[in-house]
1. Using the basic label-point model (7 angstrom from Cα toward the beta carbon), what is the B:Q2 to B:D28 distance in nanometres?
2. Return an integer: the convex hull volume of the alpha-carbon atoms of region B:97-139, in Å³ per residue.
3. Which peptide among A:115-128, B:132-145 comes first, and what is the full order, when sorted by highest mean count of other Cβ atoms within 10 Å?
4. Less than 14 Å Cβ to Cβ from A:S101, Lys/Arg counted +1 and Asp/Glu -1: what total charge do the surrounding residues give?
5. Quick one: which residues, 5+ away or cross-chain, put their amide H under 5 Å from the amide H of A:Y108? H built at 1.01 Å from N.
6. Would you mind counting up the charge near B:K151? Only other residues with Cβ under 12 Å from its Cβ, with Lys and Arg at +1 and Asp and Glu at -1.
7. 5 Å is the cut-off here: which amide hydrogens, built 1.01 Å from N in the peptide plane, fall below it relative to B:L140, excluding neighbours closer than 5 in sequence?
8. May I ask for the net charge around A:G125, where only other residues with Cβ less than 13 Å from the Cβ of A:G125 are counted and Lys, Arg are +1 while Asp, Glu are -1?
Amino acid sequence: MTVWSAAKHIHHSPDFGLDPRKYGMTQKDLDSIAKNGLIDHIRDGGIPPNNEYVAAFQQRWERFAEHRDARKCGIATIMGEQCHVVKHDDTGIFLAFKVDSRESYTGYRLSLRQSSNHDKNNTIGKNYKN
Amino acid sequence: MQYNKRKHLKLLKSSPKSESLRGRSLTDEEFVKFLDSRPIADENFFELREYSAMMISHLHWENREHYFELIEKLLNGPMHFLELRKKYQAINEAGESLAANLILLEPDGKSKGFDLLIGDLIMGFDLYCPDPSLRESNELSEEELRDIVQKIFIEMKEGYPENSKENV
């Protein structure tokens, strides 16, 4: 997981038990990143996530992926993108890595329906691009 | 699968409560301990998840008129989707909380699948990258996102009409 990938997905870090306030940010800052993207958030004068926060999030993804109960689910289609998926069934937390580049794609807590649909149809989000 | 309120209640009573990590501040060790402490999903878990998901889909569907208003606002104005995202999250959390407190609602069969469409919409927002110089191949421009929102909106309006005389 690259620094860039962790930074731009930082708004999902509370799903992994990280509190933005510990790193000098607020939920409002995360909402702004979710809404505007990281770059526009910073351009608009918003606080960027500091190195410590980004490193903690990288580490948290790693800890999650290595956990014994994080199931390696194989390749699934996520909004049309082929990804390797790691999921913890009980919490619905998942991580996805692109098949082609092996780069992290996304990760957060799925809704109950999304998690169930992933188990049944091996997709998370339909591909509306084609 | 048919919703079974009695079975839903029974499963809720006999299963450990689900837990979200939102609002908590865990060290790496605490995070691993938290995962260690969670039960391994079994047949009962999957059945319970299905019933609870049906109930939550019903809650989203009951709010469809407000969702439609918010989506129309998006399509006719700037891409400000925070309110939609927050509503989606709040309903998911409310549904889980109702279930945890054993307050169950009988889902209307017409609500089936509505939550997935809203979920897809929220996922689309996550792929939006307004800056073309930073956009990766899987990410969406504003035009592409608008196109996806439009497609999902059409599916919603067709599959889940707003309240009218014949639906009341």
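Where a number appears in this text, it was derived from the coordinates with a stated rule and is not lab data. All figures in this text were calculated on a predicted structure; none of them were measured in a lab. Cβ: placed from backbone, ideal geometry, glycine included. Neighbour counts: every protein chain shown.
1. Between B:Q2 and B:D28, the label points sit 5.2 nm apart.
2. Numbers: hull volume 4.3 nm³, N = 43.
Taking the convex hull of the Cα positions in region B:97-139, it is 99 Å³ per residue.
3. Values: A:115-128: 18.1, B:132-145: 14.0.
Order by mean packing, descending: A:115-128, B:132-145.
4. Summing Lys/Arg as +1 and Asp/Glu as -1 gives -3.
5. A:F94
6. On the way: positive: A:K126, A:K129, B:R146, B:K157; negative: B:D120, B:E144, B:D147, B:E155, B:E158.
Cβ neighbours under 12 Å give a net charge of -1.
7. Placed amide hydrogens put B:Y128, B:C129 under 5 Å from B:L140.
8. Details: positive: A:R113, A:K126, A:K129, B:K151; negative: A:E81, B:D115, B:D120, B:D126.
Value of the local net charge: 0.
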